[in-house]
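Everything on this sheet refers to the single structure shown next.
The values are calculated or read from the model by the stated rules, or taken from the named source; none is laboratory data. The structure presented is a predicted model; accordingly, all values stated were derived computationally and were not measured. We place every Cβ from the backbone using ideal geometry, glycine too, and count neighbours over all the protein chains shown. With ligands, DNA and RNA removed, areas are computed over all heavy atoms of the protein, side chains included. Shrake-Rupley method; radii C 1.70, N 1.55, O 1.52, S 1.80 Å.
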Amino acid sequence: MEKQVNSHRSQETAGRSGREAGTGRGQGKPISKKRRRARRQKHIREAAIILFGLLILGFLFIFLPFYLRPMSSAYDLEITTEDLVLHVGDEADISHAFREVSDNRWLLKLQGRRKDKIRYSSSDEAVVTVDNAGHVKAVGAGKAEITLKVSDLEKKISADSFIRGEALSFEPGTLSLNVSEDAELKTRVSPADAVLFDKISLTSSDDSVIRVDQTGHLEALGPGKAFVYAEADGLKGTAEITVYQPMTGISLENVKDNETIVLERGSSRAFPVSFSPKNTTDPREVSYKVSASSVGEVDKDGVFTAKGPGSVTLTASCNGFTDSVDIDVRVTLTDVQINHEEMALTYPAEDQLSYTLVPADTTEGISCTYVSEDPAVVSVDENGLVTAVGGGTAAIVMTVSGFERRCVYTVDVPVTAVNISEGSAALNKGEGHQLAASVFPEFTTEDKDITWISEDPNIAAVDGNGYVTAVNQGETWVHAYHGEIRNSCNIKVVDPNSPEAIAARLIDYGRQFIGTRYVLHGESLTRGIDCSAFTQQCFATQGISLPRSAIEQVDCGAAVPVDVSQWRRGDLIFYAPQGRVNHVAIYIGNGQILHAAQSVGSVNITAYNYNGNVPCAVRRLF
C-alpha cells in the first residue's frame, strides 16, 4: 500500500508540474471541466483502492491470527473405534469425535470449519492401508499403527492383521475305538499360520456313541458311528468316529458246562451260538468243525449229523473265540451172527469162533462168553479159540450181550506121529538092541499098528517087534512106520577096538565133566583139575597110560602135522604160547577141542585156536 501511495503522489506531482509547465507555455488556456471531472473520479478510485487495501491489511493483521490459532485451543480429538484386529482382506472404518475444550463460541465456530481436514496414515502399508475417509483395509499379516492428524492434534490406533483361516480339520480325520476307550483329537487350521478369532467349539453328533470335551478328549460310550464337529470363525471341520463293541466270547446255546451230548446215529441237532456281549459289533461269522468226520459232520449253520459210532468234539469259532461240546454217537445192537454153526475138526486142529454184530459198529458194551458142552471133545478159551481135544461130537455155546449162538463140532483123531524110543544107537558088532515105538496120539481113532524096516539089513537087521541086531560095522537107519508116517533111529555098528570107537568112548567120557573148574595141579574131575591131569585120566579109561605133565605127554605117540585137515578125533593138541609146552587138549572134530583151560576157567569145548592160541604139536596115541 505504501508503494501505491508513493505512486499516486508521484503522478500528482508530475501532473502539477505539467500544468505549471503548460501554463508557462500556454499561459491563458484554462483546464476543461471534463478533465477535472475525470481527474476527480480517478482520485476517488485511488482513494477507494487505498481504503480496500487498508481493510485487507486490517483483516490480515487482526482476524487471521485468530483463524490460524491451533485447534487444540478449542477442541480435543477422540478416536471412538477400538484397536483393530483384522484378517487379511478385512476392511473397517475408523470413527472419531471432537470434544470442545474452549468456551469461546466464536473460536469454536471459527475453528469448526477445519475439523474435516483430518489426515490418515499407516505405519506399514504392507500390513494395512487407510484412505482419507478413514477406511482401513488389511493387506498383509503383521502389526501397524494408523495415525489421525489434524492441526496439532494427533491420535493413533493399532491394527493387527492376521492370516484368515480357510479350513478346519481334525487329526486324525477318521478314528475307530472300542467301547470305553479314550482318544485325543487335535484340530488343525489351514493354512498353518492362520489365526482364528473365535474359540474352537467341539460337539458330538451323538452323545450316546461318543462324548467329546473342548480339549478334544474323546470317550467311546456305545457302539455306532458319530461325528465330531469343530466350529470357529465360520469354519467347520468334521471327524468321523466309529465305535465298536468288541466281542468277548461265544457260547453254544442250550449246552451245559462239561455236558456230553448223546445222539443216536442218523439223528441231527443244531448248535446255535450266542455272543458276548449281545450288542457286539464284531463280525458274527461262525465256523464249525468236528474232530472226527467219521463220527459226524456239521454244516455251516451248526447242524450236527451223527454218522458213525464214537466220540467227537464239535467246536464253534468266531473272531478267535471258541466253545466246544463233546458228542457221543451211539449205535444200538440188533442182532449177533456166528461165523459157522457146524464144523468138522481133525485133532489137534483149532478153530476160531467169531461173531458179527448187527450193526457191526454198535456202541453197546459187548460181553461174550464161550462154554463147551463136552470139554473132552473140544475146549474153548475166553477168546473163542476152539481146540480139538478128543474124538466125538460136542457144541460150543457163545453168548454175546444176551444173544446166544451155537456151533456143533465133530472131531476126528488121526495118527499124526510115530514115537520111537531112541533117535540113535551105537552098537558093537554082534550086539542086539530093543527099540520101542508107539503112535501119537494114543487116543487116535485109527489102528495103532507099527511096521519096522532097516535100510541096510547087512549092517543092522530089525524084526517085527523092533529088535535090532548089529551085523557088520557101518551106519544105517531103522524106521518105524504107521501108514505113511514114520520115525527113525540111526544105528552105528562099530568095532570096539577101532580108533573111531576108542575116540568116541574117550570123548564121551570127557564130556561128562564139562564145567569142572580149572585148578593148577588139580587132579579131581569133580572138584578141580588141570589140563594134563584131565587128558591123563580120560585116556586111562581106554587103557592108555600117559605121563602127568603136558611137557612129558608131548613126547608120547606118533607125531601128526600141525594142520587141522590132518587131525583125527582123539588126537592130543599141544600149545606153547611162551616157547615151552604148557597146555594140552583132546581134538573132538569139526575144529573143536575138549580141555581143562586156565583161560576159560573150567573143562569146556572151544575152537582149537581159542584166544588166538596156535597149536605147536599134535600127537596120535591109537
Those residues of the stretch 70-106 that are touching a helix residue (DSSP H, G or I) at 6+ places or on another chain (Cβ under 8 Å) and among the small types (Gly, Ala, Ser) come to a total of 3
Counting only residues in the stretch 115-129 that are assigned to a loop (DSSP other than H, G, I, E, B) and under 21 Å from His87 (Cα atoms), the one most open to solvent (accessible area, probe 1.4 Å) is identified as Glu125
Taking the stretch 519-549 and the residues there that are among the hydroxyl-bearing types (Ser, Thr, Tyr) and under 12 Å from Val603 (Cβ atoms), the one that is surrounded by the most Cβ atoms within 10 Å (Cβ to Cβ) would be Thr535
Contact list, first residue from the stretch 563-582 and under 21 Å from Ser599 (Cα atoms) and among the aromatic types (Phe, Trp, Tyr), second anywhere and open to solvent by 50 Å² or more (accessible area, probe 1.4 Å) and not in a strand (DSSP E or B), beta-carbon distance below 8 Å, six or more apart or interchain, is Tyr575/Asn582; Tyr575/Val614
Condition set among the aromatic types (Phe, Trp, Tyr), under 23 Å from Pro499 (Cβ atoms) and in a strand (DSSP E or B), scope the stretch 570-622, selection most open to solvent (accessible area, probe 1.4 Å): answer is Tyr587
From the option list Gly53, Gly89, single residue qualifying as within 30 Å of Val139 (Cβ to Cβ), at pLDDT 75 or above and small (Gly, Ala, Ser) is Gly89
In the set Glu285, Glu297, the lone residue that is open to solvent by 40 Å² or more (accessible area, probe 1.4 Å) and not in a loop (DSSP other than H, G, I, E, B) is Glu297
Do we find that Arg548 is in contact (Cβ under 8 Å) with a residue 60 or more places away in the chain and among the basic types (Lys, Arg) in this structure? no
Asn497 meets each of (1) open to solvent by 40 Å² or more (accessible area, probe 1.4 Å); (2) at pLDDT 95 or above; (3) out of contact with any Lys or Arg (no Cβ under 9 Å at 6 or more places or on another chain) with one exception, condition (2)
With criteria (1) more than 30 Å from Lys278 (Cβ to Cβ); (2) open to solvent by less than 60 Å² (accessible area, probe 1.4 Å); (3) of a type outside the set (S, T, N, Q); (4) at pLDDT 95 or above, Leu333 comes up short on (4)
Of the residues in the stretch 92-101, those that are at pLDDT 90 or above and not hydroxyl-bearing (Ser, Thr, Tyr) come to Ala92, Asp93, Ile94
Residue pairs qualifying under the 8 Å Cβ cut-off, at least six apart or on distinct chains, with the first in the stretch 498-513 being hydroxyl-bearing (Ser, Thr, Tyr) and the second being not in a helix (DSSP H, G or I), are Ser498/Gln473; Tyr509/Thr541
By residue number, the members of the stretch 130-178 that are open to solvent by less than 30 Å² (accessible area, probe 1.4 Å) and within 60 Å of the chain's Cα centre (by Cα) are Gly165, Leu168, Phe170, Leu177
Screening Ser324, Ser317, Ser311 for residues that are within 30 Å of the chain's Cα centre (by Cα), in a strand (DSSP E or B), modelled with pLDDT under 95 and among the small types (Gly, Ala, Ser) leaves only Ser311
**Request:** Kindly establish whether Glu184 is touching a residue at least 40 places away in the same chain (Cβ under 8 Å) and open to solvent by 60 Å² or more (accessible area, probe 1.4 Å).
**Result:** no
The residue that is surrounded by the most Cβ atoms within 10 Å (Cβ to Cβ), considering only those in the stretch 368-412 that are within 60 Å of the chain's Cα centre (by Cα) and part of a loop (DSSP other than H, G, I, E, B), is Gly384
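Residue-wise test of (1) assigned to a strand (DSSP E or B); (2) open to solvent by 30 Å² or more (accessible area, probe 1.4 Å); (3) under 15 Å from Ser176 (Cα atoms).
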site: Asp207; (1), (2), (3): no, yes, no
site: Lys225; (1), (2), (3): yes, yes, yes
site: Lys236; (1), (2), (3): yes, yes, no
site: Pro246; (1), (2), (3): no, yes, yes
site: Ile250; (1), (2), (3): yes, no, no
* Asked: Looking at this structure, is Thr242 in a loop (DSSP other than H, G, I, E, B) and surrounded by 15 or more Cβ atoms within 10 Å (Cβ to Cβ)?
  -> no
The residue that is nearest to Arg119 (Cα to Cα), considering only those in the stretch 83-96 that are open to solvent by 40 Å² or more (accessible area, probe 1.4 Å) and assigned to a strand (DSSP E or B), is His96
- request: Can you confirm whether the stretch 57-71 contains a residue that is farther than 15 Å from Asp152 by Cα, open to solvent by 60 Å² or more (accessible area, probe 1.4 Å) and either at pLDDT 85 or above or not in a helix (DSSP H, G or I) (or both)?
  value: yes
(1) over 30 Å from Val228 (Cα atoms); (2) hydroxyl-bearing (Ser, Thr, Tyr); (3) surrounded by 14 or more Cβ atoms within 10 Å (Cβ to Cβ) all hold for Thr80 apart from (3)
Going through (1) open to solvent by 60 Å² or more (accessible area, probe 1.4 Å); (2) under 30 Å from Leu333 (Cα atoms); (3) not in a strand (DSSP E or B) one by one, Arg269 fails only at (3)
Thr346: passes all of (1) more than 60 Å from the chain's Cα centre (by Cα); (2) open to solvent by less than 40 Å² (accessible area, probe 1.4 Å) but (2)
Inside the stretch 163-193, the number of residues satisfying the requirement of being polar (S, T, N, Q) and part of a loop (DSSP other than H, G, I, E, B) is 1
